[in-house]
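Read the structure below first, then the notes.
The values are calculated or read from the model by the stated rules, or taken from the named source; none is laboratory data. Values in this document were obtained by computation on a predicted structure and should not be read as measured data. All Cβ positions, glycine included, derive from the backbone under ideal geometry; neighbour counts span all protein chains shown.
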Amino acid sequence: MAPASIFLRDSSFNARHPFMDFKPKDRQHQFGLTVGGSLRRNKIFFFAGFDQHIFHVPTVVHFLDGSSKVIPQKAAEPLHHGDYEDSDKSLVFAAADGLSALGGEFPAKLLGNTGFFKLDFSINPQHNLSARLSTSRSYGQNNVFFDPASPVTSFAVSDNGEEDVATESPQCR
């Protein structure tokens, strides 16, 4: 018996977010398979499984007006001050440039593979021997997906980076 599962999420099936003027491309696939059975009748049994998760979902940073750039506005009349006065124009524009550098679309990626294999040997009715191997490989860029408490980051590439994780867990008893 080999049960399988698949999950597909793709931006081509999504509606555009109401506060965005574009639809960011994202893709998330997850699939898995388990299989088990007898290798030798009433003596040797196996069970194995595999799961893969592919995650490409960008973090999009836009400002209140929907753009990824902050443009200070001059006052339209003497009683409406706008975003700046002539005396602080250079300071306000420098701050706006700093904020604009934080806007945009930041890609996030995750590729995770997990597998396990188990063998059970029936030596006699009173004694059994089991061997198991579990393995996991994960690679991530610009996300903290490996931390279950924080599944997606809100930081840019400069504050995040890449992560590569590999683990093996053999056991015999």
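Summary table below
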item	result
Cβ pairs under 9 Å, 6+ apart, first in region 1-16 and assigned by TED's automatic domain parsing to the domain that holds T34 and more than 30 Å from F45 (Cα to Cα), second among the polar types (S, T, N, Q) and modelled with pLDDT of 85 or more	L8/Q28; L8/Q30; R9/Q28; R9/Q30; D10/Q28
Entirely in region 34-77, the strands (runs of 3 or more DSSP E) that have 1 or more residues that are modelled with pLDDT of 85 or more	44-56
Set A101, A96, A48: member being surrounded by 14 or more Cβ atoms within 10 Å (Cβ to Cβ) and under 27 Å from the mean Cα position of the chain (by Cα)	A48
The lone exception for A96 - which of (1) part of a loop (DSSP other than H, G, I, E, B); (2) not assigned by TED's automatic domain parsing to the domain that holds Q126 it fails	(1)
Some residue of region 45-65 being polar (S, T, N, Q) and touching an Asp or Glu at 6+ places or on another chain (Cβ under 9 Å)	yes
